[in-house]
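Peer 1: Questions regarding the structure given below will be posed in turn.
The values are calculated or read from the model by the stated rules, or taken from the named source; none is laboratory data. Model, not experiment: these values are computed from the prediction. Here the Cβ positions follow ideal geometry from the backbone for every residue, glycine too, while neighbour counts run over all protein chains shown. Calculation scope for accessible area: heavy atoms of the full protein, side chains included, ligands and nucleic acids excluded. Shrake-Rupley method; radii C 1.70, N 1.55, O 1.52, S 1.80 Å.
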Amino acid sequence: MYSEKVMDHFTHPRNVGVIEDANAVGQVGNMKCGDIMKIYMKIENEIITDVKFQTFGCGAAVATSSMATELVKGQSINDALKLTNSAVVEALEGLPPVKIHCSVLAEEAVKSAIADYYRRQGIDPEPIVGCTGDCEACHAHDHGNEE
């Protein structure tokens, strides 16, 4: 059902925790399944120098959070914004169709953190990041339809 890579990232997740002096924090959740992902980033000179996460959810949610942090750590903001849920799934060597929404949440959590980074600098993130699923307007609709 799950690839060895998914199981490895679930049982030995990378980058778990909190960055106390993070200058970018994003949180997203899926009310249908109850998964909540929070990503903390330290961004210096447009490079993600550190990234950590806290996830409340199933094994796939933990694994996709872990993999997403691995994929963006050390990357420029622009490269991190190119992260797709498909790239997370591919890096994990697949997910069951019913768990694809976890990879969508991981992508949205990264974008939510980057949006927070821009907001902290007084920059409107929407033209740069797009919809991250973390604004008040987004709570009116369901981002869980990506399954």
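Peer 1: Restricting to the range 4-22, name every residue that is exposed (fewer than 14 other Cβ atoms within 10 Å of the Cβ) and over 20 Å from D116 (Cβ atoms).
Peer 2: Quick first cut of the range 4-22, residues exposed (fewer than 14 other Cβ atoms within 10 Å of the Cβ) only: 4, 11-12, 17-18, 20-21.
Within the range 4-22, E4, T11, H12 meet the criteria.
Peer 1: Related question: Which residue pairs have Cβ atoms under 8 Å apart, sit 6 or more places apart or on different chains, and have a first residue in the range 4-27 that is under 14 Å from T69 (Cβ atoms) and a second that is open to solvent by 70 Å² or more (accessible area, probe 1.4 Å) and part of a helix (DSSP H, G or I)?
Peer 2: R14/E70; N15/E70; A24/R120
Peer 1: Applying the selection to the range 28-71, what residues are free of Cβ contacts under 8 Å to residues at least 40 places away in the same chain, under 26 Å from Y118 (Cα atoms), out of contact with any strand residue (DSSP E or B) (no Cβ under 6 Å at 6 or more places or on another chain) and of a type outside the set (A, V, I, L, M)?
Peer 2: E44, N45
Peer 1: Which helices (runs of 4 or more DSSP H) does the range 23-99 wholly contain that include 2 or more residues that are open to solvent by less than 30 Å² (accessible area, probe 1.4 Å) and polar (S, T, N, Q)?
Peer 2: Details: elements: 59-72, 77-80, 85-91.
Ranges flagged: 59-72.
Peer 1: Name, by its number, the condition in (1) over 14 Å from I39 (Cα atoms); (2) in a helix (DSSP H, G or I); (3) of a type in the set (D, E, K, R) that does not hold for K111.
Peer 2: (1)
Peer 1: Let me ask something additional. Given S76, S86, S65, which one is under 10 Å from the mean Cα position of the chain (by Cα) and at pLDDT 95 or above?
Peer 2: S65
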